[in-house]
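Each remark here refers to the structure printed beneath this line.
What follows is calculated from the coordinates using simple rules that are stated; it is not laboratory data. Not measured: the values here are computed from a predicted model. Every residue, glycine as well, gets a Cβ built from its backbone with ideal geometry; the counts of neighbours run over all protein chains shown.
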Amino acid sequence: MAREVPNPIALQNLNRACATSSSNRVRPRRVPSHRSNVSASVASALSAPRGGGAFLAGGALHAQSSASKNTLGGRPTRLSISSSQEIPTFLNNTPHLRETRKFFYKDATDSVVRAVNAGGKRMQMRSEFPELNTEMDVYRIGTALEMIRGIVTELVQDGKKVKICVQGSMGQGVFQGLPLSLAGVRRIMEAMDWGEDMLGNFINLGEVGPEHVLPSDDVVIVYSPTSIVGSSIIPPLAAMCETIGDRPVILFNPRLTDVQSAEGIMGVRGRQERLDFEATFETVYHFRLLYNKPYHFPIYGALRKSYGKEWEVYKRKSISKKEEVYTITPVTYKKEPNADQITKSIRG
């Protein structure tokens, strides 16, 4: 198996982010006595504070959906505007301000932790503001790893042992490899500051596969599982989930969509089984911007869901060149809204 080589630029950017975020360390919560073996140094570990796309075609605004077809739609309900979440503005300006990143870190971490504490089993979360959108050239691996670190630190403070899994090289022969967005991620994680004595004790790293799951793992986070040309990530991921059993497993920014190839892998055969497997994961957090595809500008609005809440559609309104606002539309959805529903909300 080919050895992964870390991206030196990504590692340099991450180290800079770590150096500038030392003032954002969290205050520890009181841990129950039966969890007193959790190192007090968790308190000093850096925890990023807890904090898509769309296109016009045929006169309608279509959302770039990550869910399978049987999860689209949903019965709309009315929402009080006062319950909306204030979304940072000017998200097309990158690199983002630290305050903008902190908002999304906190927003995602709050939802994931609530879902785990509520007894969630198979879960997925997706955050695709510009610095976490792999389709954009402003994608920043440091931002993704800071978000992961914030989620993991919160779970560890609750006394849980967390396993973070990053897929290794896939395929055979000259076609062996892994997505560019995952190149060197495992090595960068090994070099990150997780807190004193945390890595190897309460935080462990592994790959995607049943052999990487240990009985001591309380929560398993799979970092951006992605299918590539000629190889689907679903078979090893499904086998891994069977081994995990009733313990919580969280997919972070998964990309499980079939990738067509000349060999016919991920074709019609077995597609329904792959869609059914993806549908077993509950969406506990989702955020993505709505664009005029295939372009990433202008931003029409945003689609958001947090754990325990319904799907919300936000409409972006430009007040002046230096001022804009995201306003939540009055209708929410129990399931991810489809293209027509998003169009109606944005233009309504």
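Odds and ends about this structure:
- Charge dipole magnitude, Cβ of K and R +1, D and E -1 - segment 189-236, Cα centre, debye nearest 20: 300 debye
- Extension gain, GLU211 to ASP246: 0.36 nm times the residue separation minus the Cα-Cα distance gives 10.9 nm.
- Pairwise inverse Cα distances across segment 297-338, averaged and inverted, put the Kirkwood hydrodynamic radius at 11.3 Å.
- The slack in the chain from ALA238 to THR327, taken as 0.36 nm per residue of separation less the alpha-carbon distance, amounts to 28.1 nm.
- Karplus-derived 3J(HN,Hα) values for segment 100-112, using 6.51 cos²θ - 1.76 cosθ + 1.60 with θ = phi - 60°, are 5, 4, 4, 4, 6, 4, 5, 4, 6, 5, 4, 5, 5 Hz; glycine and proline are entered as x.
- Positive-end residue, segment 99-237 charge dipole about Cα centroid, Cβ charges, pick of VAL116, ALA191, THR143: VAL116
- Cross-link table LYS121/LYS315; LYS102/LYS163; LYS163/LYS309, entries beyond 25 Å C-alpha to C-alpha: LYS121/LYS315; LYS163/LYS309
- For ARG271 and ASP340, the difference between the fully extended length at 0.36 nm per residue and the C-alpha to C-alpha distance is 22.3 nm.
- Span from the segment 280-345 Cα centroid across to the segment 127-157 one, whole angstrom: 19 Å
- Here segment 207-348 is treated with +1 on each Lys and Arg Cβ and -1 on each Asp and Glu Cβ, and its dipole about the Cα centre works out to around 1200 debye.
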